[in-house]
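The values are calculated or read from the model by the stated rules, or taken from the named source; none is laboratory data. Owing to the predicted nature of the structure, the values given are computational and were not obtained by experimental measurement. In this analysis, Cβ positions are derived from the backbone assuming ideal geometry, glycine residues included, and neighbour counts consider all displayed protein chains. Note: accessible area is taken over every heavy atom of the protein model, side chains too, but ligands, DNA and RNA are not part of it. Shrake-Rupley method; radii C 1.70, N 1.55, O 1.52, S 1.80 Å.
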Amino acid sequence: MGQTKMELIHLIYTSATTDPDLTKEALDEILEQSRANNSKLDVTGILLFDMGAFFQVLEGDSDTVESLYRRIEADERHKNVVKLISEPIEERSFGEWSMGYPKVTHAELEEIPGLNDFFACGHSFIELEDGRAKILLKAFKGGQWRL
Ligand SMILES: Cc1cc2nc3c(=O)[nH]c(=O)nc-3n(C[C@H](O)[C@H](O)[C@H](O)COP(=O)(O)O)c2cc1C
């Protein structure tokens, strides 16, 4: 009997909202949908939203995460969806969150060591590259926003 090999990965992407007036209700709908689906799929992660841009970390089985990403990528609520990182991980960083939404202000992003210059210069998530994406992930993994 063949065994299905599970490979734990994280996938990180950024995108831009297509709705310049994205409401709290619209954001809550995305989070509700995400949490309902992700808990069935054993996918965990976080979603950040700042200055019209999304940053999302998805963790789970590689096939599951990649196919979920293709579904998310096609969602018309955002555009310019750019995959920054997709790689195997030893363990999850956000294991208890089917989709965490740490409420972070732009001013707080400017305080993150290693990212302060970047956000202070008015950049948004869509201009991140993989090095800074990892700094951001680490900040949320161990940071004050986990409470
Ligand atoms: C920024 C953003 C992030 C999303 N994240 C997720 C997610 O983590 N999990 C998920 O299932 N759907 C996510 N979605 C929604 C999917 O694109 C899609 O609408 C949803 O999975 C379909 O759910 P349904 O099967 O309940 O219709 C996201 C959408 C956007 C715009």
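Points worth noting:
Each row is one residue, and each column tells you yes or no for (1) in contact with a strand residue (DSSP E or B) (Cβ under 8 Å, 6 or more places away or on another chain); (2) not charged (D, E, K, R).
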residue: 82; (1), (2): yes, yes
residue: 87; (1), (2): yes, no
residue: 113; (1), (2): no, yes
residue: 131; (1), (2): no, yes
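- No other residue among 98, 62 is within 12 Å of the ligand (Cβ to nearest atom) and either crowded, with 18+ Cβ neighbours inside 10 Å or touching a residue at least 12 places away in the same chain (Cβ under 8 Å) (or both) apart from 98.
- Among the residues of the range 117-147, those that are more than 25 Å from residue 72 (Cα to Cα), open to solvent by 50 Å² or more (accessible area, probe 1.4 Å) and not in a loop (DSSP other than H, G, I, E, B) comprise 117, 120, 142, 144.
- For the residues 41, 84, the requirement of being farther than 17 Å from residue 138 by Cβ, aliphatic (A, V, I, L, M), touching a Leu at 6+ places or on another chain (Cβ under 7 Å) and open to solvent by 30 Å² or more (accessible area, probe 1.4 Å) singles out 41.
- Among the candidates 53, 36, the residue that is near the ligand (Cβ under 8 Å from one of its atoms) and either at pLDDT 95 or above or open to solvent by less than 50 Å² (accessible area, probe 1.4 Å) (or both) is uniquely 36.
- So residue 18, is it surrounded by fewer than 21 Cβ atoms within 10 Å (Cβ to Cβ), at negative phi, without any contact (Cβ under 8 Å) to a residue 40 or more places away in the chain and of a type in the set (Ser, Thr, Tyr): no
- Taking the listed residues 11, 27, the one that is over 17 Å from residue 126 (Cα atoms), open to solvent by less than 20 Å² (accessible area, probe 1.4 Å) and of a type in the set (A, V, I, L, M) is 27, with no other qualifying.
- Condition met for residue 78 (more than 12 Å from the chain's Cα centre (by Cα) and surrounded by 18 or more Cβ atoms within 10 Å (Cβ to Cβ)): yes
- Residue 105, sole failed condition from (1) surrounded by fewer than 18 Cβ atoms within 10 Å (Cβ to Cβ); (2) in contact with a strand residue (DSSP E or B) (Cβ under 7 Å, 6 or more places away or on another chain); (3) of a type in the set (S, T, N, Q): (2)
- Test for residue 73: is it under 13 Å from the mean Cα position of the chain (by Cα) and either more than 24 Å from residue 136 (Cα to Cα) or at pLDDT 95 or above (or both): yes
- Failed item in (1) in contact with a strand residue (DSSP E or B) (Cβ under 9 Å, 6 or more places away or on another chain); (2) open to solvent by 50 Å² or more (accessible area, probe 1.4 Å), with residue 67 passing the rest: (1)
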